Amino acid sequence: MLKSSICAYCGCGCRLRFAVKGKRIEKVLPDRTDEISEGKPCIKGLTLHEVYDKGRIVQPMIRKRGNLKKVTWSEALRYVKEKTWDLAPSEVFFAPSGKTTNEDCYVMQKFARIVFNTNNVDGCCSRLCHAATLVATSEAYGIHAMPYTLNDIKNTDCLLIIGSNPASNYPVLFNRILEAKRRGCRIISVQSIFNEITQFADIQLVIQPGTYIALLNGIANHLIKTGKYDRNAEHCEGFDKLVETVKPYTGRKVCDICGISHRDFLSAADAISDSENFGALHGMGMTQHIKAVENVQSLLNLLILKNGKILSCRGEINVQGCGDMGCVPNIDTDLFERAWSVKLTRKLGITMINALSLSPVKACFISGFNPAQSMPDLNRVHRNLEEMFIVQMDSYLNLTSGFADVILPTPTLLERTGTITNGERRVRLVSGVIEPLGKSEQEWVVFRKLARMLGYGKHFPYRNARDVLHEITNVIPSYSGIDADSVYMGYDQFADKTIKFRKFIPAIFTGVDDVRSRRYPFLLTTFRSKYQFLTGEMTSKSETLQRVSKDGAYCYISRPDAERLKLRDGDNVTVESTAGSVVAKVKIDTRMQQGVVAMHFHFERLLVNKLFPSQFDTRSLTPNYKLVAVSIGKIDKPQKQEGR
Ligand code: SF4
């Protein structure tokens, strides 16, 4: 039987068809009617049947005297109550996930706020990936989302792809870029490592890591000097300040900072100047820096000058929805007080950066998130996790499971019912194609049970996920235009995407996040593999993906640097920063800039995030995962690498 639902991976949110036999998914097929994938989803989505049931958590477990023991749901929840119920609100933290549905996220944050009287709620993927984008768009456009759609890219005549590699990470978006190019769109790639997009672009800029603001200010200055910008921009707040701020960013100065030729700078600046339908795509290359908000703001300045369109490549399937559902620590709770008829605390919550790293809490509910691998400064985070009471809600065991005191089985998206909101703010139905495996339960069901056990059941009266969406559309203003019943009939709808205003917020380039030194002479950046997704719990189980992928736990290095250090492909090296060290195999890559090395972040056996110290963008608290000074030292004895 063929059933339809949504892919479990990225923020594009493709609809797929699943060939189901009995309780098994036998195959995944493209859905030719799907507006997002346009019948061409990527290989990750098409191999979901290989991974959904491998290595699953199927029964609740609790850790006693160091060992995990299978228990019933009632035993597990009673244990959770025993260990958490007496804690102060500030001592508990909730991490909902963009891998789950809107309904799961909404009920989880409602539980935290009503039952534990805390605003310590923070969605994982958003904080670690695009929190800075949302801060920047809310200040420049008055909206916490992307105002444009994937299809808007098709009609651009000049597209700037900056700090993002959609050819590898967002194939359905890349299909639209190909279409735009066929229509004559000029593609400008700005990256700090040479990748597939650089290769594909008409204008290729490989800049020094961390110098986006200088480049974008230089281009803005060029537009203003040549007068090739939208005159309506002069009426936007901040225009005069922008003109003053970008004036010193001459082409020559920008080229010195970014390490590019003046000819390349002018090619990019002129292409944008001449464009009549300009667009930009950005990704984590821009947002995972300590100047993340300013990076995005300087891009938005350019877009406002050209009245252009922006799209960001989002990570998890429901990362937009998770934030929209109130899974942030600093939301205005008046809204919830009125809607839920309860008194809530006014005290702002803390982010996951504080809760898990800087000022650790005592207990943590973690849903679909693997902080033991994905947080920065992992040595410190591991020490903190050791001390916490951790309730892990997940479909697969991962590194975080080793720290968990209670593990509660939750279904993958293929077994869930509810909705997700993709990176365009398109709300789509998720209709489980098989029953949840084993004893797994969705978060909204688990928190309803726990609320009943703790005497708060009346606030969670839902019979099903549709009841939750009805409440969401009554409570969350940006979802008030959504007809819950239509979504549950399978019709996509958009949450509010309207730009409220356009405002320039000039940014100043103050230098890169970290600098090379005699002790740490290389700059390390991290990047993604086309065949892996986040911390790899699912993708690492696909035989097809493993077969076609050439990526691994490597340290990619330029040939001149490798020759200078007498390194050959396959040699083991210690990569060390001020925060820690890891062991990797050398991969010489002729596309790497000298003095820059790169590593994938998906691999448990590499744990590259040990190298990134606790450095964050102060506005959005997005960690710096893109730039750290490191040393590379050859290891003469072979090293055994374990794990995924
Ligand atoms: S991983 Fe993303 S692009 Fe690929 S099929 Fe899934 S949703 Fe679509």
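The values are calculated or read from the model by the stated rules, or taken from the named source; none is laboratory data. All of these numbers come straight from a predicted model, not from anything done at the bench. For neighbour counting, all protein chains shown are included, and Cβ atoms are generated from backbone atoms with ideal geometry for every residue, glycine included. Only protein heavy atoms, including side chains, enter the accessible area calculation; ligands, DNA and RNA are left aside. Shrake-Rupley method; radii C 1.70, N 1.55, O 1.52, S 1.80 Å.
Things to note:
- Charge-dipole axis of the chain as Lys and Arg at +1 and Asp and Glu at -1 on Cβ define it, positive-most pick from 618, 254, 570: 570
- Remark: relative contact order (the stretch 130-312) = 33 percent; criterion is Cα-Cα distance under 8 angstrom and separation of 6 or more residues.
- Under 15 Å from a label point set 7 Å out along the Cα-to-Cβ vector of residue 85, the amide N atoms of the stretch 447-466 belong to 449-457.
- For the chain: accessible area per residue (Å², 1.4 Å): 37
- Residues in the stretch 468-490 that a label on residue 338 would reach, taking backbone N under 17 Å of a point 7 Å out along Cα→Cβ: 471-481
- Long-range Cα-Cα pairs in the stretch 412-487 (distance over 21 Å), rounded percent: 35
- The residue list 391, 41, 470 was ranked by how far each Cα lies along the charge dipole of the chain toward its positive end, using unit charges on Cβ atoms, and 391 comes out on top.
- Stretch in the chain that is longest and holds no chymotrypsin sites (Phe, Trp or Tyr not before Pro) that DSSP places in a loop and that have at most 15 other beta carbons within 10 Å: 86-490
- Expressed as a whole percent, the accessible surface of the stretch 522-635 that belongs to carbon and sulfur atoms is 46, based on a 1.4 Å probe.
- Relative contact order [Cα under 8 Å, 6+ residues apart], the stretch 1-50, whole percent: 31
- Debye-sum result for the stretch 249-354 in log10 I(q)/I(0), which assumes one identical scatterer on each alpha carbon, at q = 0.16 Å⁻¹: -0.93
- Potential lengthening between residue 330 and residue 605 on full extension [0.36 nm per residue; Cα-Cα distance subtracted]: 95.5 nm
- Whether the stretch 367-442 is rounded, prolate or oblate, judged on the alpha carbon gyration tensor where a/c under 1.5 counts as rounded: oblate
- Among the listed pairs 343/458; 343/497; 291/626, those beyond 23 Å (Cα-Cα): 343/497
- Pair-distance distribution of the chain: all C-alpha pairs, bin width 10 Å, starting at 0; shares per bin in whole percent are 3, 16, 27, 27, 18, 7, 1, 0.
- When the trypsin sites (Lys or Arg not before Pro) in the stretch 324-355 are filtered for DSSP coil states and for at most 11 other beta-carbon atoms within 10 Å of their beta-carbon, the remaining sites are 343, 346.
- Förster radius 56 Å - calculated FRET efficiency between residue 151 and residue 383, Cβ distance, rounded to 0.05: 0.75
- Taking every Cα-Cα distance in the stretch 312-365 and sorting them into 5 Å bins from zero, the calculated P(r) comes out as 4, 16, 18, 21, 20, 15, 6, 0 percent.
- Ratio Rg/Rh [Cα only; Rh per Kirkwood] for the stretch 1-50: 0.94
- Value of [θ]222 nm, deg cm²/dmol, for the chain, DSSP H segments ≥ 4, -39500 (n - 2.57) each, nearest 500: -8000 deg cm²/dmol
- Per residue, the convex hull spanned by the alpha carbons of the stretch 522-635 comes to 109 Å³.
- Shape analysis of the stretch 235-297 based on the Cα gyration tensor places the equivalent ellipsoid semi-axes at 19, 18, 16 Å, largest first.
- For the stretch 578-586, 3J(HN,Hα) computed residue by residue from phi via the Karplus equation (6.51, -1.76, 1.60; θ = phi - 60°) reads 5, 8, x, 9, 9, 10, 9, 9, 6 Hz, glycine and proline entered as x.
- Rel. contact order, % - alpha carbon contacts under 8 angstrom, at least six apart, the stretch 522-635: 38
- Share of pairwise Cα separations in the stretch 130-312, more than 23 Å, in percent: 34
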